[in-house]
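K.L.:
Here it is, the structure in full.
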């Protein structure tokens, strides 16, 4: 019996990879359904974290745990580290996809991201996690990202090589 080849032969070494941008619908009861290839990777424990840009970060357990380790290893005598820990853990929820592949959000995260029941949201893959944006905040972000002249200078200091 031969083994079935993976569509992504490097997946085992690279881990989960979320990419692309999708508009998703929110239900009246504040649940969201992910695009199929995102939902396929979101198995088991999922953590939803308050993002820095009025967005939400959706992380599989492995990604969340790596971030958790880094944040909790900071010097707790530093007031900035304590604030980051409060922001990070104090505003995180544990979630799972239900049988309809929907995830329910807490009221405070829903309000923080300015999502609207029955409205839409923008779902953006970020490699090891997913960002959830309200259309209004995503539009502002997208305007910034669409400025090619600024981007060439903005990202020049980053060492991006392949």
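The values are calculated or read from the model by the stated rules, or taken from the named source; none is laboratory data. Keep in mind the model is a prediction, meaning the values are calculated, not measured. Please note: Cβ atoms are built from the backbone with ideal geometry, for glycine as well, and neighbour counts cover all protein chains shown.
K.L.:
Looking only at region 40-47, decide whether some residue is modelled with pLDDT of 95 or more and closer than 24 Å to residue 141 by Cα.
P.N.:
Looking through region 40-47, at least one residue is modelled with pLDDT of 95 or more and closer than 24 Å to residue 141 by Cα.
K.L.:
If I go through region 13-66 residue by residue, how many of them are surrounded by 14 or more Cβ atoms within 10 Å (Cβ to Cβ) and assigned to a strand (DSSP E or B)?
P.N.:
Here the count works out to 17.
Table: residues versus (1) within 27 Å of residue 30 (Cβ to Cβ); (2) crowded, with 18+ Cβ neighbours inside 10 Å; (3) over 14 Å from the mean Cα position of the chain (by Cα).
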{"site": "78", "(1), (2), (3)": "no, no, yes"}
{"site": "85", "(1), (2), (3)": "yes, no, yes"}
{"site": "101", "(1), (2), (3)": "yes, no, yes"}
{"site": "122", "(1), (2), (3)": "yes, yes, no"}
{"site": "125", "(1), (2), (3)": "yes, yes, no"}
{"site": "134", "(1), (2), (3)": "yes, yes, no"}
{"site": "141", "(1), (2), (3)": "yes, no, yes"}
{"site": "152", "(1), (2), (3)": "no, no, yes"}
{"site": "162", "(1), (2), (3)": "no, no, yes"}
